[in-house]
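Structure first, then comments.
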Amino acid sequence: MRTIRRHRLLLAGAATIASAIALTSCSSAGSDAPAEDGAISGDILFYDTSGGQVWEELNSTLFADFTADTGVTVTDDYNEAATKFFAAAEAGQVPWSLAFLPTVNDAEKAADEGYLAKIDTSIVPVDKLVEGTYSDYGIEVGTFGMVLTWDDEAYPDEKPSEMADLWDLEKFPGKRCFFNNPQYGWTLEAALLADGVAPDELYPLDVDRALGKLDEIKSDITWWTSGAQSIESFENGSCDIGILWANRAFVAASENGFPASITWNQAGYSNSVWSIPADAPNAAAAQQLLAHVIENTEGQIAFASKVPTPIPASVIGLEPSSFPDDVQQFLPIGDNVTNSIKQDVGYYSENIDAVLDQFNRWLGE
């Protein structure tokens, strides 16, 4: 692969997206097929379950570089969840050539159902990825961390270092912030860790024990319901310590100037997956895009410097020290996550309804 060019900002808007979607739906698979010399062309319609700033930064870094080097464009099709993808795949009417599946479990399910194409390892250098962050059917991306976060100015002397500190109201006074959705908030896991459960014994979750531990500080908890609100709760003084998504803590610190500090010790993290749908209209270009992204170290750093959820999830040799100083502590890679815990998404997939029911009933008591 030739040297990656410097990043070029692509112009994108609703009209561009709408017209690209229309073009994709009208084009035949043959129009996007590689030429006999192996060249690729056309557009990659991207099933995107993240959107927002993630898409904007992808569009101006990794995807922009790919377009500059190949001429193949990437068009965003935002969808909140994987539901639409599975419905289209079941009907055999998939217009997307690359899918951003929100969980590893979604990707495993799609592969089991025959909805994904295998990664072509003669093109995609998966050997450059950390073992365990890719499969035959996708590469893990967009790690989000659920980390212990605090207002650094609220605790000028001793700093929090583990989940048990959330329960130490004497040493670390103030309201505690937790997400009101346990699956994405690390709320139950934090309670169990604070109660002495070993990281390798967290799952299956002892929900009764976790809620019993949360009872101890229930009156001191401020619940946040969105990423934006999580930052606001700290900035407006509603809480001084809690669990936030690492990328939101980064936004508070880097863009808003709030003195947010975090620790990855006992933090939770989970990954999304990029996969190529079976019978994708431009699968050849999608394979090349995955390869390009893995090779594009400069683009990876540029993206994660704005959104500290690296894509790909972990590339061999890429450490926090490879990134600008202000983003290093927020990155879920390398030594940062040595003492962190990968969330068991399979457990939640099988038990989420029961867990949410029990959690919500406790919340309403």
Of the conditions (1) among the small types (Gly, Ala, Ser); (2) over 28 Å from residue 74 (Cα atoms); (3) open to solvent by less than 10 Å² (accessible area, probe 1.4 Å), residue 238 fails just one. Which one is it? (3)
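Pick out the one residue from 319, 350, 365, 295 that is touching a Lys or Arg at 6+ places or on another chain (Cβ under 8 Å) and open to solvent by 10 Å² or more (accessible area, probe 1.4 Å). Working first, answer last.
Details: 319 fails: touching a Lys or Arg at 6+ places or on another chain (Cβ under 8 Å); 350 fails: touching a Lys or Arg at 6+ places or on another chain (Cβ under 8 Å); 365 fails: touching a Lys or Arg at 6+ places or on another chain (Cβ under 8 Å).
Just one listed residue meets the conditions, 295.
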Quick check on this structure: which one of 190, 198 is closer than 19 Å to residue 263 by Cα and in contact (Cβ under 8 Å) with a residue 60 or more places away in the chain? 190
So in region 136-166, with the set limited to residues that are over 19 Å from residue 264 (Cβ atoms), more than 17 Å from the chain's Cα centre (by Cα) and in contact (Cβ under 8 Å) with a residue 12 or more places away in the chain, which one is surrounded by the most Cβ atoms within 10 Å (Cβ to Cβ)? 137
Among (1) touching a residue at least 12 places away in the same chain (Cβ under 8 Å); (2) over 24 Å from residue 102 (Cβ atoms), which single condition is residue 218 missing? (1)
In region 147-158, is there at least one residue being closer than 22 Å to residue 211 by Cα and not hydroxyl-bearing (Ser, Thr, Tyr)? yes
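Please go through region 108-128 and pick out each residue that is of a type in the set (Val, Ile, Thr) and either touching a strand residue (DSSP E or B) at 6+ places or on another chain (Cβ under 9 Å) or free of Cβ contacts under 8 Å to residues at least 24 places away in the same chain (or both).
If the condition is that a residue be of a type in the set (Val, Ile, Thr) and either touching a strand residue (DSSP E or B) at 6+ places or on another chain (Cβ under 9 Å) or free of Cβ contacts under 8 Å to residues at least 24 places away in the same chain (or both), then 119, 121, 124, 126 are the ones that fit.
Check 77, 48, 43, 69 and return the single one that is at pLDDT 95 or above and more than 23 Å from residue 118 (Cα to Cα). Spell out how you get there, then give the answer.
Values: 77 fails: more than 23 Å from residue 118 (Cα to Cα); 48 fails: more than 23 Å from residue 118 (Cα to Cα); 43 fails: more than 23 Å from residue 118 (Cα to Cα).
Exactly one residue qualifies, and that residue is 69.
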Would you tally the residues in region 263-283 being open to solvent by 20 Å² or more (accessible area, probe 1.4 Å) and in contact with a helix residue (DSSP H, G or I) (Cβ under 7 Å, 6 or more places away or on another chain)? 3
So is residue 313 at negative phi, open to solvent by less than 10 Å² (accessible area, probe 1.4 Å) and touching a strand residue (DSSP E or B) at 6+ places or on another chain (Cβ under 8 Å) or not? yes
Residues satisfying the stated conditions in region 133-147, i.e. within 17 Å of residue 109 (Cα to Cα) and of a type in the set (Ser, Thr, Tyr): 133, 134, 135, 137
Does residue 267 satisfy the criteria of being of a type in the set (A, V, I, L, M, F, W, C), over 17 Å from the mean Cα position of the chain (by Cα) and at pLDDT 95 or above? no
Determine if region 113-126 includes at least one residue that is within 17 Å of residue 269 (Cα to Cα) and open to solvent by 40 Å² or more (accessible area, probe 1.4 Å). no
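The values are calculated or read from the model by the stated rules, or taken from the named source; none is laboratory data. Keep in mind it's a predicted model, so treat the numbers as computed, not measured. Counting neighbours? That spans all protein chains shown, and the Cβs are built from the backbone with ideal geometry, glycine included. Accessible surface areas use protein heavy atoms only, side chains included; no ligands, DNA or RNA. Shrake-Rupley method; radii C 1.70, N 1.55, O 1.52, S 1.80 Å.
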